[in-house]
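J.: The structure follows.
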Amino acid sequence: MKVMNFIKDFFSKNTGWKIGSLVISVLLWFVVMNTLNPAETKSFYVTIDLANRQYLAESGYAILNTDEIENTRVEVKVKGTRAALDELTRQKENGAITANLDFQEVNMENMVDMPQNLTLNIDPKINNIYIYQYDIISFSPSYVNVSFDSVKEKESKFETLFTGKLEDGYSADVEQLANENITVYGPASEFDKIAKISAEVSLDEKTSDFQTELKPVVYDAQGQKMPNFIVVPDTVTALVNVEYTRNLEILKPETTGTIDSELTLKGIDWSPKVLELTGDKETLDKLSPIKLPAVELDKLAGSDIRTYEVTQFINDERVSTKSNAPRVITVTIEVAGKDGRNITLNADDITVTGLADGLKAQLPSQIVFTVFGEPAALEGLTNASFAPTVDLTGLEEGAKEVVLGITLPEGVQVRGETRLYVYITKDVQTEQSTQNPAEQPDTVTVVEESSETTAATTTTKAPEEEDEVTEEETVTDIIEE
């Protein structure tokens, strides 16, 4: 009760004196503030802001010297208390002080011939600081020359360019744009120089989806910005998808079995060789390289193309392929038929080994056999390439059937065995030994046919010991491979 009476007495008694005291206090505060914090003048340097360029474009005009205007520095002298000027300095980078060039104030009726130059006034302003009072004393320059051209426009799409660096293992793509199409306005005389329109997306240390504002910019063929062009809308909202990714290797298919002798394997190719996967980091890090089914060579009848769904190897709801990655793995098996070539060996080309002392061997003057392989492998073969030999170890006098030993170069094959008859006699320097009781035929021909037919091998038949050989005798034995 006493408190209420005190408050009532305070506001009802000596009211005039109390109001007078309050006024005097306020006046004293202003005197002190003006004495301790007097008004000062400070210069601020700002660049020119181009306002309402879209209005200018929609009116049919474009600027030709944007870069020159925007790089003009305007000195603005401002008067205010020290505290006010300090606050203006702090807020300058946030647009607290500007020098505006407003194209909505341009008198379009005076613009007839293009290009045309006009002198426009600069309008400096102090924005969004309400607790202090400012006076703009002067500014210089007070005007600029602007070159105008007729405007040209087109609707276009723009590309997004990622900048910065994601954390290791993460990738990003623009999932959604608020506006995919924009309208580009610019001088008609420069329109053909446009090379691309793109907007940058900063990805620094992002690990999850985020939304950002993109600013499409027009570039020329040299990658330089074209400041005389504007884009409407000037900002586009984008949703950027950030996800953990891993490039999983796809291994080359292994081979099993042996390819048909009539065929040759030219190569095995597969695509893609790396699979781009996204999803749960822990799951992805545990995945092993993809192993494709082996190629069974003995079942090949020719070239083949095989496809495998990625889900055959990756079937986990926590993992998926990237949106633009292939969903199918393709294996291409290239097979070709082999070419054949006849090889003719002379007796002098063949090395004889294992012949017992006191004996000598007489070989056919020529031996012919066929080799098979790719043209590239057959090209350039010589008799020396095969290092031909006959092994006569343990053989005694008489006509003996032996196998021709040959070394096959890489990529070359021969079917079956090449056999020939060798006549072994005593090494006696007599007239009888000079005139052999039987002469061998000049040529032994071995004809190799396909694996589906028999191979005919021509050999020299050994005469019976009691027969007197007076002429060449040949017999053809049919020998199945």
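The values are calculated or read from the model by the stated rules, or taken from the named source; none is laboratory data. All of these numbers come straight from a predicted model, not from anything done at the bench. Here the Cβ positions follow ideal geometry from the backbone for every residue, glycine too, while neighbour counts run over all protein chains shown. Ligands, DNA and RNA are excluded from the accessible area calculation, which covers all protein heavy atoms including side chains. Shrake-Rupley method; radii C 1.70, N 1.55, O 1.52, S 1.80 Å.
J.: Which distance in Å, rounded to a whole number, links the C-alpha centroids of the stretch 228-261 and the stretch 152-225?
T.: 20 Å
J.: Give the long-range amide H neighbours of LYS196: residues separated by 5 or more places, or on another chain, with amide H under 5 Å away, using H modelled in the peptide plane at 1.01 Å from N.
T.: Hits under the 5 Å cutoff: TYR219.
J.: Going through the stretch 57-157, which chymotrypsin sites (Phe, Trp or Tyr not before Pro) have at most 10 other Cβ atoms within 10 Å and a DSSP loop state? List each step's numbers first, then the result.
T.: On the way: sites: TYR61, PHE103, TYR130, TYR132, TYR134, PHE139, TYR143, PHE148; in loops: TYR130, TYR132, TYR134.
Hits after loop and neighbour filter: TYR130.
J.: Can you compute the modelled spin-label distance between ASP173 and TYR219, with each label point 7 Å from Cα toward Cβ, in nm?
T.: According to this spin-label approximation, the distance is 2.1 nm.
J.: With θ taken as phi - 60° and the coefficients 6.51, -1.76 and 1.60, list the Karplus ³J(HN,Hα) couplings across the stretch 189-196 in order, rounded to whole Hz; mark glycine and proline as x.
T.: With coefficients 6.51, -1.76 and 1.60, one gets 6, 10, 5, 6, 8, 5, 9, 7 Hz.
J.: Which pairs in the list LYS154/LYS225; LYS273/LYS299; LYS291/LYS338 are over 23 Å apart, alpha-carbon to alpha-carbon?
T.: Among LYS154/LYS225; LYS273/LYS299; LYS291/LYS338, the Cα-Cα distance tops 23 Å for LYS273/LYS299; LYS291/LYS338.
J.: Moving to a separate point now. Subtracting the Cα-Cα distance from 0.36 nm times the residue separation, let me have the gained length for SER198 to THR389 in nm, one decimal.
T.: That works out to 61.4 nm of additional length.
J.: Can you compute the modelled spin-label distance between SER189 and LYS125, with each label point 7 Å from Cα toward Cβ, in nm?
T.: 3.1 nm
J.: To continue, here is another question. THR160's amide H: which non-local residues (gap 5+, or another chain) put their own amide H closer than 5 Å, with H modeled 1.01 Å from N in plane and none for Pro or chain starts?
T.: ALA199
J.: Which log10 I(q)/I(0) values, to two decimals, does the stretch 131-278 give at q = 0.11, 0.15, 0.21 Å⁻¹ under the Debye formula with one point per Cα?
T.: -0.71, -0.92, -1.21
J.: With just the Cα atoms of the stretch 348-404, tell me how far they stretch along each of the three principal axes, in Å, largest first.
T.: 45, 18, 16
J.: Rolling a 1.4 Å sphere over the protein heavy atoms, what is the accessible area per residue of the stretch 311-415, to the nearest Å²?
T.: 54 Å²
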